[in-house]
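Trainee: Could you have a look at this structure, given as structure tokens, before my questions?
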């Protein structure tokens, strides 16, 4: 019987360790999926450009006149490791002829740092469960099997760093709460026994015991303050995630005879004072990086208020204006609660929303006895989940990744319901067949054992494949391909790349030296800058006829330069394969322009939601991405297909057509020679 009781725990832990190993392996595979441009352009693109002196795209957020992104955490968390990698790479290339500057290393190395940081969430979960006596095996398994951890937390998002900081702060606050409750209970017990003591010997003994109790009021104050400052500078929205945590840290023991409102004020003052050193550190580092403050000014103490920049304030000033956030997309207020939570957490997110709705119903029904206490651990977790969600919902721009920090508290509170069901008993007052179906297939433990866990694992597997490998998966492969081609091409040859219907391509993977770096000729001491070799034209989701005119214009300009300046060039176009046949039609219908496009490569898998694959009306048995391929190897109008649209042959051809649309095609665009 004892072996049976530990077997489920052991199997959960084995599965958890396998998933942890998979988390690391998926970094090295690598994941070519591309979730959002911010995973590159808010950290990797800037830091790789600074450390290696590369030609990169510095987004408006790092504008030196009005910077809204703190550079401190990326600098120490990524630039310094890149510096160490560059030092190692000198010896690896000299002794082993191994290059650590390729596009693969540039992609994988920062993600390796992030995957190490992601295990902070696992550690925090384990420590919280140990402190409160919670079963941790299944919660760890739920965390490790979530695609949020497998994909999002291993990417260089500021949201992933925010998630790790929130997890650590949640553990610290929850640990401080249980420590304070224990000390207060012991102190009250000893105080009661002291008053009941009949002689001085017992009173002295009880007094000594009471005085020997550890202090708790300012427990880990400096650590809490440091994490809060780091979280706000990493991403100012941390203020919304950290507020309920800090509030519960300040509120510990309130309402007892041992803790008064004076203690609350003392804690608040101590927290503010403890935050000052870290605050100064972040402000000084940011000010030095953005050029507001120079080492010479520090040395001579010639420093004024204008020498400092506070990036979180700039962030708030920018985002508080609805016109600015409208430029990034306007979303309805219910998007986080009803859409983004289910997208991130699947069936677990649905359970969390239903639980919140149930709690609101009890509050409206005046069933206050069934609600968790504000100072309880459950109250802490609930406020940590739903306070930031409700506050972020008031902002008109909403994305799923903004909610990453609620991952740990949500799993702590609701993961067990994947096993036990949403309800332990029939929740409705009156029975009906519809309510019985809802209870049997959604809410009860039987539903969990049959469906909920299966839905959880299948949805996370599918989303790991989608965001990890398919979504915009050709962009990195395109950059790696161009990087290899530019190593082969002459440095005097210009490369022009036009992209459409795909995300922005990070130029750090191309490993092109910066044209902004001032160099010195060792022979004559003359200063110079490198000439621009790579030109990128990103046209978003431009309609193909207009895209054709852009290509024609770029080609005409470069043809003139090739004649007048003898400048060699190559013009490339990268576009999803789902648009290949439409592009062929555009080129074919404009024969007078004398432009041709030749397929160079197709990168699979790649799915652009800006150009989703067409399920019907496409060439069966494959999209014709190569305009020079005129032979029809797939008789799409075969007699058997027309007579039987549900034949195995036709279904296979439809499937092949769909697969061929999940690619990114690279074309070379040239002037078509006239035929005499």
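Trainee: Tell me, 71, 554, 276 in order of fewest to most beta-carbon neighbours within 10 Å?
Mentor: Least to most surrounded, the residues fall as 276, 554, 71.
Trainee: Still on this structure, please answer the following. Starting from the coordinates of the alpha-carbon atoms of the stretch 471-576, obtain the Kirkwood hydrodynamic radius over all distinct pairs and give the value in Å to one decimal.
Mentor: 15.5
Trainee: In whole Å, what are the extents of the stretch 166-320 along the principal axes defined by its C-alpha atoms, from largest to smallest?
Mentor: 71, 36, 23
Trainee: What number, in nm² with one decimal, is the all-direction average of the projected area of the convex hull of the alpha-carbon atoms of the stretch 513-573?
Mentor: Mean orientational projected area (the stretch 513-573, Cα hull): 6.0 nm².
Trainee: Subtracting the Cα-Cα distance from 0.36 nm times the residue separation, let me have the gained length for residue 462 to residue 419 in nm, one decimal.
Mentor: Additional length available on full extension: 13.4 nm.
Trainee: Can you compute the label reach from residue 84? Point 7 Å from Cα along the Cβ direction, backbone N cut-off under 17 Å, restricted to the stretch 150-170.
Mentor: What the label zone holds, given the 17 Å backbone N cut-off, is no residue at all.
Trainee: Can you sort 511, 263, 487 from fewest to most other Cβ atoms within 10 Å of each residue's own Cβ?
Mentor: Numbers: 511 19, 263 16, 487 10.
Arranged by neighbour count, lowest to highest, 511, 263, 487 become 487, 263, 511.
Trainee: In whole angstrom, how far apart do the alpha carbon centroids of the stretch 134-189 and the stretch 95-123 sit?
Mentor: With the stretch 134-189 and the stretch 95-123 each reduced to a Cα centre, they are spaced 25 Å.
Trainee: I would also like to ask the following. Stretched out fully, how many nm does the piece from residue 487 to residue 361 gain, at 0.36 nm a residue minus the Cα gap? Working shown, then result.
Mentor: Numbers: separation 126, 0.36 × 126 = 45.36 nm, distance 6.44 nm.
38.9 nm is the gain from fully extending residue 487 to residue 361.
Trainee: Between residue 659 and residue 394, how many nm apart are label points set 7 Å from Cα along the C-beta direction?
Mentor: Label at residue 659, label at residue 394, 5.2 nm between them.
Trainee: Hey, if you drop one equal point scatterer on each alpha-carbon of the stretch 42-186 and run the Debye formula without solvent, what base-10 log of I(q)/I(0) do you get at q = 0.14, 0.15, 0.16 Å⁻¹?
Mentor: Once normalised to I(0) and log-transformed, intensities are -0.81, -0.87, -0.94.
Trainee: When the Cα centres of the stretch 25-52 and the stretch 516-593 are compared, how far apart do they sit, in Å?
Mentor: Using only Cα atoms to place each centre, the spacing works out to 25 Å.
Trainee: Using 7 Å Cα-to-Cβ label points, what is the residue 280/residue 210 separation (nm, one decimal)?
Mentor: For the pair residue 280/residue 210, the computed spacing is 4.0 nm.
Trainee: Can you tell me the 0 to 90 degree angle between the C-alpha axis of helix 2-28 and the longest principal axis of the chain, rounded to 10?
Mentor: The angle comes out at about 40 degrees.
Trainee: In addition: Is it possible to state the helix-based mean residue ellipticity at 222 nm for the chain, with each DSSP H run of 4+ residues giving -39500 (n - 2.57), the sum divided by total residues, to the nearest 500 deg cm²/dmol? What is it?
Mentor: -17000 deg cm²/dmol
Trainee: Which of the three applies to the chain, rounded, prolate or oblate, going by the alpha-carbon gyration tensor with a ≥ b ≥ c and a/c under 1.5 meaning rounded?
Mentor: oblate
Trainee: While we're looking at this one, here's another question. Could you state the angle between the C-alpha long axis of helix 158-196 and the longest principal axis of the C-alpha atoms of the chain, as a value from 0 to 90 degrees rounded to the nearest 10?
Mentor: That helix lies at roughly 0 degrees to the long axis.
Trainee: Separation between the residue 534 and residue 299 pseudo-spin-labels, each 7 Å from Cα along Cα→Cβ, expressed in nm?
Mentor: Placing both labels 7 Å along Cα→Cβ, they lie 3.7 nm apart.
Trainee: Which value does Rg/Rh take for the stretch 361-407 over its C-alpha atoms, Rh per Kirkwood?
Mentor: 1.08
Trainee: Report, in degrees rounded to the nearest 10, the 0 to 90 angle that the Cα long axis of helix 103-132 makes with the longest principal axis of the chain.
Mentor: It works out to around 20 degrees.
Trainee: Would you mind calculating the gained length between residue 197 and residue 648 on full extension (0.36 nm times residue separation, minus the Cα-Cα distance), in nm to one decimal?
Mentor: Additional length available on full extension: 153.3 nm.
Trainee: At a threshold of 8 angstrom on Cα-Cα distance, excluding pairs fewer than six apart, so keeping six or more, what relative contact order does the stretch 166-320 reach in percent?
Mentor: Across the stretch 166-320, relative contact order equals 25 percent.
Trainee: Using only the alpha carbons, work out the radius of gyration and Dmax of the stretch 312-432 in angstrom.
Mentor: Rg, Dmax (Cα atoms, Å): 16.8, 57.
Each reported figure results from applying straightforward, stated rules to the coordinates on display, with no laboratory input. Bear in mind that the values here come from a model prediction, so they are computed numbers and not experimental data. Glycine gets a Cβ as well: all are built from the backbone with ideal geometry, and neighbour counts include every protein chain shown.
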